[in-house]
Amino acid sequence: MSTLMIDARCVSTGIGTYTINIVRDMNKYNDLKLRLITAPQGKPLLERLCDDIITVNAPMYSLREQFEIPWAARNCNVLHVPHYNVPLAYSKCLLVTIHDLNHILDHSYRRTAKSWLYAQPMLRWAALRADHIFTLSQYSKRQIMEHLGADEKKITVVYCGVSAHLFPEPREQARLEINHDFAFDGPYVLFVGNLKPNKNVAGLLNAFAKTCARHALPHKLLIIGDDAVGRPAMLKLSLELGLEGTTVFVSRVTDDQLRSAYSGADMTVLPSFEEGFGLPVLESMACGTPVACSNGASLPEVGGQAAEYFDPKDQDSICEALERVLLSNDLRAEMRSRGLQQARRFTWQACSELHHDIYRKFLMKSAFSN
(Lines give C-alpha, C1' and ligand atoms only; values in the text may rest on other atoms or scores of the structure.)
Protein backbone atom coordinates (compact mmCIF):
# COMPACT_ATOMS: atom_id res chain seq x y z
CA MET A 1 0.00 0.00 0.00
CA SER A 2 1.28 3.46 -0.89
CA THR A 3 2.43 5.66 2.01
CA LEU A 4 1.37 9.24 2.61
CA MET A 5 3.59 11.23 4.95
CA ILE A 6 2.44 14.47 6.56
CA ASP A 7 4.83 16.89 8.25
CA ALA A 8 2.96 17.40 11.52
CA ARG A 9 5.60 19.21 13.54
CA CYS A 10 3.31 22.21 14.08
CA VAL A 11 0.43 21.31 16.41
CA SER A 12 -0.38 24.84 17.61
CA THR A 13 -1.79 27.98 15.95
CA GLY A 14 -4.05 27.80 12.90
CA ILE A 15 -1.59 25.58 11.03
CA GLY A 16 -1.76 23.06 13.87
CA THR A 17 -5.58 23.11 13.94
CA TYR A 18 -5.64 22.46 10.21
CA THR A 19 -3.02 19.69 10.35
CA ILE A 20 -4.54 17.84 13.31
CA ASN A 21 -8.01 17.79 11.78
CA ILE A 22 -6.69 16.44 8.47
CA VAL A 23 -4.68 13.75 10.26
CA ARG A 24 -7.66 12.77 12.39
CA ASP A 25 -9.93 12.22 9.41
CA MET A 26 -7.39 10.31 7.30
CA ASN A 27 -7.66 7.38 9.70
CA LYS A 28 -11.06 6.41 8.31
CA TYR A 29 -9.69 5.75 4.82
CA ASN A 30 -8.36 2.27 4.08
CA ASP A 31 -6.73 3.03 0.72
CA LEU A 32 -3.63 4.73 2.09
CA LYS A 33 -1.03 4.20 4.78
CA LEU A 34 -0.50 7.30 6.91
CA ARG A 35 2.83 8.20 8.48
CA LEU A 36 3.63 11.39 10.38
CA ILE A 37 6.73 13.44 11.04
CA THR A 38 6.55 15.37 14.30
CA ALA A 39 8.64 17.09 16.93
CA PRO A 40 9.04 15.48 20.38
CA GLN A 41 6.57 17.88 22.01
CA GLY A 42 3.86 17.00 19.49
CA LYS A 43 4.18 13.23 19.74
CA PRO A 44 1.86 12.64 22.76
CA LEU A 45 -1.03 14.36 20.99
CA LEU A 46 -0.46 12.71 17.61
CA GLU A 47 -0.01 9.21 19.03
CA ARG A 48 -3.77 9.22 19.65
CA LEU A 49 -4.36 9.83 15.94
CA CYS A 50 -1.70 7.74 14.20
CA ASP A 51 0.42 4.73 15.14
CA ASP A 52 3.22 5.37 12.65
CA ILE A 53 5.22 8.44 13.74
CA ILE A 54 8.78 9.54 13.07
CA THR A 55 10.20 12.10 15.51
CA VAL A 56 12.68 14.73 14.38
CA ASN A 57 14.28 17.59 16.29
CA ALA A 58 14.55 20.02 13.38
CA PRO A 59 12.77 23.31 14.19
CA MET A 60 10.41 24.92 11.71
CA TYR A 61 12.16 27.26 9.23
CA SER A 62 15.60 25.88 10.14
CA LEU A 63 18.47 24.67 8.01
CA ARG A 64 18.24 21.31 9.78
CA GLU A 65 14.75 20.64 8.46
CA GLN A 66 16.12 20.81 4.91
CA PHE A 67 18.09 17.62 5.68
CA GLU A 68 16.02 15.82 8.32
CA ILE A 69 12.62 16.04 6.61
CA PRO A 70 13.75 14.53 3.26
CA TRP A 71 15.57 11.78 5.15
CA ALA A 72 12.52 11.00 7.32
CA ALA A 73 10.31 10.93 4.22
CA ARG A 74 12.67 8.88 2.06
CA ASN A 75 10.47 5.75 2.08
CA CYS A 76 7.13 7.42 1.49
CA ASN A 77 5.36 7.91 -1.85
CA VAL A 78 3.83 11.33 -1.24
CA LEU A 79 4.86 14.03 1.24
CA HIS A 80 2.42 16.74 2.33
CA VAL A 81 3.96 19.80 3.98
CA PRO A 82 1.11 21.89 5.50
CA HIS A 83 3.07 25.14 5.28
CA TYR A 84 5.39 26.82 2.78
CA ASN A 85 8.64 25.59 4.43
CA VAL A 86 9.16 22.78 1.92
CA PRO A 87 12.32 20.61 1.83
CA LEU A 88 14.26 21.85 -1.18
CA ALA A 89 16.11 18.57 -1.72
CA TYR A 90 13.03 16.32 -1.66
CA SER A 91 12.66 14.71 -5.09
CA LYS A 92 9.46 12.65 -4.83
CA CYS A 93 5.82 13.78 -5.01
CA LEU A 94 5.35 16.92 -2.91
CA LEU A 95 2.07 18.51 -1.84
CA VAL A 96 2.10 21.83 0.01
CA THR A 97 -0.45 24.02 1.78
CA ILE A 98 0.03 27.75 1.32
CA HIS A 99 -2.25 29.36 3.90
CA ASP A 100 -1.68 32.97 2.87
CA LEU A 101 0.75 35.35 1.20
CA ASN A 102 1.20 37.74 4.12
CA HIS A 103 4.94 37.97 3.47
CA ILE A 104 4.21 39.32 0.00
CA LEU A 105 0.92 41.20 0.45
CA ASP A 106 1.35 42.84 3.86
CA HIS A 107 3.85 45.71 3.94
CA SER A 108 4.83 45.04 7.58
CA TYR A 109 6.04 41.57 6.58
CA ARG A 110 7.37 42.49 3.14
CA ARG A 111 10.05 44.82 4.46
CA THR A 112 11.60 42.43 7.02
CA ALA A 113 14.84 40.56 6.50
CA LYS A 114 13.13 37.24 7.25
CA SER A 115 10.64 37.89 4.49
CA TRP A 116 13.25 38.92 1.91
CA LEU A 117 15.79 36.24 2.73
CA TYR A 118 13.53 33.30 3.56
CA ALA A 119 9.75 33.58 3.26
CA GLN A 120 9.37 35.13 -0.18
CA PRO A 121 11.96 32.89 -1.92
CA MET A 122 10.54 29.82 -0.15
CA LEU A 123 6.96 30.67 -1.13
CA ARG A 124 7.99 31.01 -4.76
CA TRP A 125 9.96 27.78 -4.66
CA ALA A 126 7.11 25.93 -2.95
CA ALA A 127 4.66 27.03 -5.64
CA LEU A 128 7.09 26.05 -8.40
CA ARG A 129 8.21 22.75 -6.90
CA ALA A 130 4.93 21.38 -5.52
CA ASP A 131 3.03 18.82 -7.54
CA HIS A 132 -0.14 20.28 -6.03
CA ILE A 133 -1.06 23.19 -3.75
CA PHE A 134 -3.80 23.33 -1.13
CA THR A 135 -5.00 26.74 0.02
CA LEU A 136 -7.79 27.88 2.33
CA SER A 137 -9.80 30.40 0.31
CA GLN A 138 -10.58 31.55 -3.20
CA TYR A 139 -8.89 34.81 -2.26
CA SER A 140 -5.61 33.04 -1.47
CA LYS A 141 -5.91 30.99 -4.65
CA ARG A 142 -6.11 34.17 -6.72
CA GLN A 143 -3.10 35.64 -4.91
CA ILE A 144 -1.05 32.47 -5.41
CA MET A 145 -1.82 32.52 -9.11
CA GLU A 146 -1.05 36.23 -9.44
CA HIS A 147 2.05 36.56 -7.25
CA LEU A 148 3.58 33.07 -7.43
CA GLY A 149 2.61 32.21 -11.00
CA ALA A 150 0.97 28.89 -10.11
CA ASP A 151 -1.34 27.23 -12.61
CA GLU A 152 -5.00 27.30 -11.55
CA LYS A 153 -5.30 23.54 -12.21
CA LYS A 154 -2.56 22.94 -9.66
CA ILE A 155 -4.48 24.55 -6.76
CA THR A 156 -7.34 23.16 -4.65
CA VAL A 157 -9.28 25.36 -2.21
CA VAL A 158 -9.99 23.53 1.05
CA TYR A 159 -12.07 25.56 3.51
CA CYS A 160 -11.42 24.91 7.19
CA GLY A 161 -14.16 23.55 9.43
CA VAL A 162 -15.42 23.98 12.96
CA SER A 163 -13.73 21.84 15.60
CA ALA A 164 -16.00 19.58 17.65
CA HIS A 165 -15.19 21.36 20.93
CA LEU A 166 -16.73 24.62 19.67
CA PHE A 167 -20.45 25.01 20.27
CA PRO A 168 -22.68 27.55 22.06
CA GLU A 169 -22.65 27.56 25.84
CA PRO A 170 -25.29 29.44 27.88
CA ARG A 171 -24.05 32.98 27.33
CA GLU A 172 -24.35 34.40 30.84
CA GLN A 173 -22.78 31.34 32.44
CA ALA A 174 -19.91 31.42 29.94
CA ARG A 175 -19.31 35.13 30.59
CA LEU A 176 -19.15 34.58 34.35
CA GLU A 177 -16.65 31.75 33.91
CA ILE A 178 -14.42 33.93 31.75
CA ASN A 179 -14.74 36.82 34.22
CA HIS A 180 -13.58 34.46 36.96
CA ASP A 181 -10.77 32.77 34.98
CA PHE A 182 -9.20 36.03 33.80
CA ALA A 183 -10.03 38.30 36.73
CA PHE A 184 -12.26 40.98 35.23
CA ASP A 185 -15.93 41.89 35.48
CA GLY A 186 -18.76 42.55 33.07
CA PRO A 187 -19.41 42.16 29.35
CA TYR A 188 -16.62 42.06 26.83
CA VAL A 189 -15.62 42.27 23.19
CA LEU A 190 -13.33 39.47 22.01
CA PHE A 191 -10.30 39.24 19.73
CA VAL A 192 -8.64 35.86 19.05
CA GLY A 193 -5.37 35.63 17.13
CA ASN A 194 -1.72 36.52 17.32
CA LEU A 195 -0.45 40.08 17.72
CA LYS A 196 1.43 40.32 14.44
CA PRO A 197 0.98 43.51 12.39
CA ASN A 198 -1.33 41.97 9.77
CA LYS A 199 -3.90 41.31 12.52
CA ASN A 200 -4.29 45.08 13.04
CA VAL A 201 -4.70 44.86 16.82
CA ALA A 202 -3.49 48.46 17.05
CA GLY A 203 -6.42 49.54 14.89
CA LEU A 204 -8.81 47.62 17.11
CA LEU A 205 -7.39 49.18 20.29
CA ASN A 206 -7.74 52.68 18.87
CA ALA A 207 -11.28 52.06 17.64
CA PHE A 208 -12.32 50.42 20.91
CA ALA A 209 -11.00 53.35 22.96
CA LYS A 210 -12.89 55.78 20.75
CA THR A 211 -16.12 53.76 20.93
CA CYS A 212 -15.97 53.47 24.71
CA ALA A 213 -15.40 57.22 25.01
CA ARG A 214 -18.37 58.01 22.78
CA HIS A 215 -20.85 55.78 24.57
CA ALA A 216 -19.44 55.07 28.06
CA LEU A 217 -19.68 51.34 27.33
CA PRO A 218 -19.13 48.93 30.22
CA HIS A 219 -17.30 46.44 28.01
CA LYS A 220 -13.77 45.18 28.37
CA LEU A 221 -11.66 44.10 25.39
CA LEU A 222 -10.41 40.53 25.84
CA ILE A 223 -7.44 39.74 23.59
CA ILE A 224 -6.58 36.04 23.41
CA GLY A 225 -3.31 35.39 21.61
CA ASP A 226 0.35 36.13 21.83
CA ASP A 227 3.39 37.23 19.89
CA ALA A 228 6.75 37.76 21.55
CA VAL A 229 7.63 40.63 19.24
CA GLY A 230 4.26 42.36 19.05
CA ARG A 231 3.05 42.07 22.64
CA PRO A 232 5.13 44.89 24.25
CA ALA A 233 3.97 47.39 21.63
CA MET A 234 0.31 46.44 22.12
CA LEU A 235 0.60 46.70 25.91
CA LYS A 236 2.23 50.11 25.55
CA LEU A 237 -0.48 51.33 23.15
CA SER A 238 -3.18 50.10 25.51
CA LEU A 239 -1.71 52.21 28.31
CA GLU A 240 -1.34 55.27 26.05
CA LEU A 241 -5.01 55.02 25.07
CA GLY A 242 -6.13 54.89 28.70
CA LEU A 243 -7.29 51.27 28.39
CA GLU A 244 -5.44 49.99 31.44
CA GLY A 245 -7.94 47.81 33.29
CA THR A 246 -10.21 47.81 30.26
CA THR A 247 -8.07 45.62 27.99
CA VAL A 248 -7.28 42.09 29.16
CA PHE A 249 -4.42 40.23 27.43
CA VAL A 250 -4.38 36.43 27.71
CA SER A 251 -1.62 34.46 26.00
CA ARG A 252 -2.99 30.92 26.02
CA VAL A 253 -6.29 29.22 26.82
CA THR A 254 -7.58 25.66 26.92
CA ASP A 255 -10.13 24.40 24.40
CA ASP A 256 -12.85 24.73 27.03
CA GLN A 257 -11.83 28.28 27.88
CA LEU A 258 -11.80 29.24 24.22
CA ARG A 259 -15.34 27.93 23.78
CA SER A 260 -16.47 29.84 26.86
CA ALA A 261 -14.69 33.00 25.69
CA TYR A 262 -16.50 32.92 22.36
CA SER A 263 -19.84 31.98 23.92
CA GLY A 264 -19.72 34.68 26.60
CA ALA A 265 -18.65 37.58 24.39
CA ASP A 266 -21.10 40.20 23.13
CA MET A 267 -19.19 40.15 19.85
CA THR A 268 -15.93 39.01 18.26
CA VAL A 269 -13.87 41.41 16.14
CA LEU A 270 -11.26 40.44 13.54
CA PRO A 271 -9.75 43.62 12.02
CA SER A 272 -7.00 41.96 9.93
CA PHE A 273 -5.44 43.54 6.88
CA GLU A 274 -4.62 40.11 5.47
CA GLU A 275 -6.09 36.68 6.22
CA GLY A 276 -5.81 33.42 4.33
CA PHE A 277 -9.00 32.17 5.98
CA GLY A 278 -9.83 33.83 9.32
CA LEU A 279 -10.76 30.87 11.51
CA PRO A 280 -11.91 33.00 14.52
CA VAL A 281 -14.80 34.33 12.39
CA LEU A 282 -16.09 30.81 11.89
CA GLU A 283 -15.34 29.68 15.46
CA SER A 284 -17.20 32.63 16.96
CA MET A 285 -20.25 32.05 14.78
CA ALA A 286 -20.23 28.36 15.74
CA CYS A 287 -20.47 29.46 19.38
CA GLY A 288 -23.42 31.74 18.64
CA THR A 289 -21.57 35.05 18.94
CA PRO A 290 -21.85 37.95 16.43
CA VAL A 291 -18.79 38.84 14.37
CA ALA A 292 -17.55 42.13 12.93
CA CYS A 293 -14.57 41.81 10.62
CA SER A 294 -12.61 43.38 7.79
CA ASN A 295 -14.28 43.70 4.43
CA GLY A 296 -11.24 42.48 2.51
CA ALA A 297 -8.99 39.50 1.87
CA SER A 298 -10.68 36.13 2.56
CA LEU A 299 -12.97 37.25 5.37
CA PRO A 300 -16.16 37.87 3.34
CA GLU A 301 -15.87 34.27 2.06
CA VAL A 302 -16.02 33.02 5.63
CA GLY A 303 -18.45 35.53 7.14
CA GLY A 304 -20.89 35.57 4.22
CA GLN A 305 -24.10 37.44 5.03
CA ALA A 306 -23.74 36.75 8.76
CA ALA A 307 -21.01 39.26 9.69
CA GLU A 308 -20.82 43.04 10.00
CA TYR A 309 -18.02 44.43 7.85
CA PHE A 310 -15.73 47.44 8.11
CA ASP A 311 -12.71 48.96 6.43
CA PRO A 312 -9.72 47.87 8.59
CA LYS A 313 -7.73 50.93 7.54
CA ASP A 314 -10.44 53.31 8.80
CA GLN A 315 -10.82 53.56 12.59
CA ASP A 316 -14.19 55.29 12.23
CA SER A 317 -15.42 52.39 10.12
CA ILE A 318 -14.37 49.95 12.87
CA CYS A 319 -16.07 52.16 15.49
CA GLU A 320 -19.30 52.22 13.51
CA ALA A 321 -19.35 48.42 13.26
CA LEU A 322 -18.73 48.12 17.01
CA GLU A 323 -21.54 50.56 17.68
CA ARG A 324 -24.01 48.85 15.36
CA VAL A 325 -23.56 45.53 17.09
CA LEU A 326 -23.04 46.55 20.73
CA LEU A 327 -25.90 49.06 20.82
CA SER A 328 -28.57 46.82 19.28
CA ASN A 329 -29.91 43.76 21.09
CA ASP A 330 -32.09 42.95 18.08
CA LEU A 331 -29.16 42.99 15.66
CA ARG A 332 -27.07 40.77 17.94
CA ALA A 333 -29.90 38.25 18.17
CA GLU A 334 -30.30 38.24 14.40
CA MET A 335 -26.55 37.87 13.88
CA ARG A 336 -26.38 34.93 16.29
CA SER A 337 -28.96 33.07 14.24
CA ARG A 338 -27.34 33.89 10.91
CA GLY A 339 -23.89 33.04 12.27
CA LEU A 340 -24.90 29.58 13.44
CA GLN A 341 -26.31 28.85 9.99
CA GLN A 342 -23.17 30.14 8.28
CA ALA A 343 -20.89 28.05 10.50
CA ARG A 344 -22.73 24.86 9.57
CA ARG A 345 -21.57 25.32 5.97
CA PHE A 346 -17.94 24.64 6.94
CA THR A 347 -16.94 21.15 8.11
CA TRP A 348 -13.64 19.39 8.60
CA GLN A 349 -15.21 16.34 6.96
CA ALA A 350 -15.66 18.23 3.68
CA CYS A 351 -12.13 19.61 4.00
CA SER A 352 -10.67 16.15 4.60
CA GLU A 353 -12.58 14.60 1.72
CA LEU A 354 -11.00 17.08 -0.68
CA HIS A 355 -7.57 16.27 0.75
CA HIS A 356 -8.21 12.56 0.40
CA ASP A 357 -9.19 12.95 -3.26
CA ILE A 358 -5.90 14.71 -4.01
CA TYR A 359 -3.87 12.30 -1.87
CA ARG A 360 -5.38 9.30 -3.66
CA LYS A 361 -4.75 10.83 -7.08
CA PHE A 362 -1.04 11.35 -6.42
CA LEU A 363 -0.57 8.08 -4.52
CA MET A 364 -2.00 6.20 -7.51
CA LYS A 365 0.19 8.19 -9.86
CA SER A 366 3.22 7.40 -7.72
CA ALA A 367 2.34 3.69 -7.65
CA PHE A 368 2.05 3.53 -11.45
CA SER A 369 5.31 5.41 -11.96
CA ASN A 370 7.13 2.87 -9.80
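If the condition is being at pLDDT 90 or above and either of a type in the set (S, T, N, Q) or surrounded by fewer than 19 Cβ atoms within 10 Å (Cβ to Cβ) (or both), then the range 1-25 contributes Thr3, Ile15, Gly16, Thr17, Thr19, Asn21, Arg24.
Residues that are assigned by TED's automatic domain parsing to the domain that holds Pro59, in contact with a helix residue (DSSP H, G or I) (Cβ under 7 Å, 6 or more places away or on another chain) and not in a helix (DSSP H, G or I) are absent from the range 138-147.
For the range 225-283, give me each residue that is among the aromatic types (Phe, Trp, Tyr) and buried (at least 19 other Cβ atoms within 10 Å of the Cβ).
Selection gives Tyr262, Phe273, Phe277.
Pairing each residue of the range 160-183 that is closer than 26 Å to Ile22 by Cβ with any residue that is buried (at least 18 other Cβ atoms within 10 Å of the Cβ) and of a type in the set (Val, Ile, Thr), provided the two are 6+ apart or on different chains, yields C-beta distances under 7 Å for Ser163/Thr17. Among the residues of the range 194-221, the one identified as at pLDDT 95 or above, surrounded by 22 or more Cβ atoms within 10 Å (Cβ to Cβ) and farther than 17 Å from Gln315 by Cα is Lys220.
Residues being part of a helix (DSSP H, G or I), in contact (Cβ under 8 Å) with a residue 12 or more places away in the chain and in contact with a Pro (Cβ under 9 Å, 6 or more places away or on another chain) are entirely absent from the range 118-136.
Name, by its number, the condition in (1) at pLDDT 95 or above; (2) not in a helix (DSSP H, G or I) that does not hold for Asp357. Of everything listed in (1) at pLDDT 95 or above; (2) not in a helix (DSSP H, G or I), Asp357 misses just condition (2).
The values are calculated or read from the model by the stated rules, or taken from the named source; none is laboratory data. Computed from a prediction, not measured in an experiment: that's the story for all the values here. Note: ideal-geometry Cβ built from the backbone for every residue, glycine included; neighbour counts use all protein chains shown.
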